[in-house]
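The values are calculated or read from the model by the stated rules, or taken from the named source; none is laboratory data. None of these values were measured; they are calculated from a predicted model. Cβ sites come from the backbone with ideal geometry, for glycine too, and all protein chains shown count toward neighbours. Only protein heavy atoms, including side chains, enter the accessible area calculation; ligands, DNA and RNA are left aside. Shrake-Rupley method; radii C 1.70, N 1.55, O 1.52, S 1.80 Å.
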Amino acid sequence: MSKERIIVTGGSGKAGKWVIKDLVEHGYDVVNLDWKRPEDELCQTIIVDLNNLGEVQNALAQYNTREHISVKGIVHFAAIPQAFIYPNDVTFRNNVMNTYNVLEAAANLGIDKVVLASSESSYGIVFASEFFEPKYLPIDENHPQLPEDSYGLSKVVNELTAQAFNRRTGMQVISLRLGNILEPSDYIWLRERFDKPEERLLILWSYIDARDVATACRLSIEKDDLGVQELIIAADDTSSDISSKELIEKFLPNVKDIRAEFNDRESLLSNKKLKQVLGWEQKYSWKE
């Protein structure tokens, strides 16, 4: 059986390299579009300015039917990864335009499945100038998105852009609202900071293993007829050794609308919809 091809953008980055690894291990022909080469060459990398639509379209067209293998889908993870490491306008322009360009080029070439890296930052809490508590817990996909920073705003705009392309072309676009992505090597320092739970309040102690992110990306391409959806991807548990109930009582005392049982260390970001839509299950935890 001939291979199927999946394009990954940002495959040289922290999460992207795990996405590529998973896809290669599952038999896909993978091409990485990025501005830099990865540390480990698991697949071919094309150096592309994703803010240039012509370059994006040319790169995708080059591989859309090459060797008689058509592109099954695109996993778009290339982005400035957080607020305040570039000027606000640079972050917004980069993250919005490269996403638009990937979707536009995909539409022009008839590539009908794209996965986008959205973020828990779209809810606004992470980079707010003054901390505010969630409207209810656990946060789900229906919770208001209230960003004031350009990074969180760019993720909201990208989700709306995905909806527009779905309306225009019927393209399947899954926006994964990512929690704090951790690699296996991150778990040592995470456990060393358990005595300072306040440090992870802004992300509500969420986390997600990069390998579980990779699985969700692959499933988002392999599943059919999903339309356009936004899905929170977070681990089942928190990145704290303190019970969730205790964390809520101490750090989020004004949240009275509690919509789930918190008996142990259950996540404050709900991954229920992700499991229902993709059949995804968490496999990796900091406890390993």
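Listed values, structure above:
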| item | result |
| --- | --- |
| Relative compactness, the stretch 1-109, computed as alpha-carbon Rg over 2.2 N^0.38 Å | 1.05 |
| Relative intensity, log₁₀ I(q)/I(0), of the stretch 99-156 from a Debye sum that treats every alpha carbon as a point, q = 0.21 Å⁻¹ | -0.80 |
| Listed residues THR169, THR238, THR161, most fluctuating in the chain (Gaussian network, C-alpha, under 10 Å) | THR169 |
| C-alpha center-to-center spacing [the stretch 28-107, the stretch 240-288] in angstrom | 33 Å |
| Gyration tensor verdict on the stretch 178-288 (Cα atoms; rounded if a/c is under 1.5, prolate if a/b is larger than b/c, oblate otherwise) | oblate |
| Spin-label model distance (nm) - SER243 vs ASN88, 7 Å beyond Cα toward Cβ | 4.2 nm |
| Efficiency of FRET from Cβ geometry, ASN58 and LYS36, R₀ 25 Å, rounded to 0.05 | 0.85 |
| Point-to-point label distance, VAL255-LYS196, nm (Cα→Cβ direction, 7 Å offset) | 2.2 nm |
| Largest to smallest accessible area among MET97, MET171 [probe 1.4 Å] | MET97, MET171 |
| Computed lengthening from ASP224 to TYR136, 0.36 nm per intervening residue step minus Cα-Cα distance | 28.5 nm |
| Loop-located chymotrypsin sites (Phe, Trp or Tyr not before Pro) in the stretch 56-99 whose Cβ has at most 15 other Cβ within 10 Å (DSSP) | PHE84 |
| Reciprocal of mean inverse Cα separation for the chain (Kirkwood radius, Å) | 19.3 Å |
| Accessible carbon and sulfur surface of the chain relative to its total accessible area, %, 1.4 Å | 48 percent |
| Value of [θ]222 nm, deg cm²/dmol, for the chain, DSSP H segments ≥ 4, -39500 (n - 2.57) each, nearest 500 | -10500 deg cm²/dmol |
| Taking the stretch 166-288 and dividing mean pair separation by its residue count, relative contact order in percent (alpha carbons under 8 Å, at least six apart) | 33 percent |
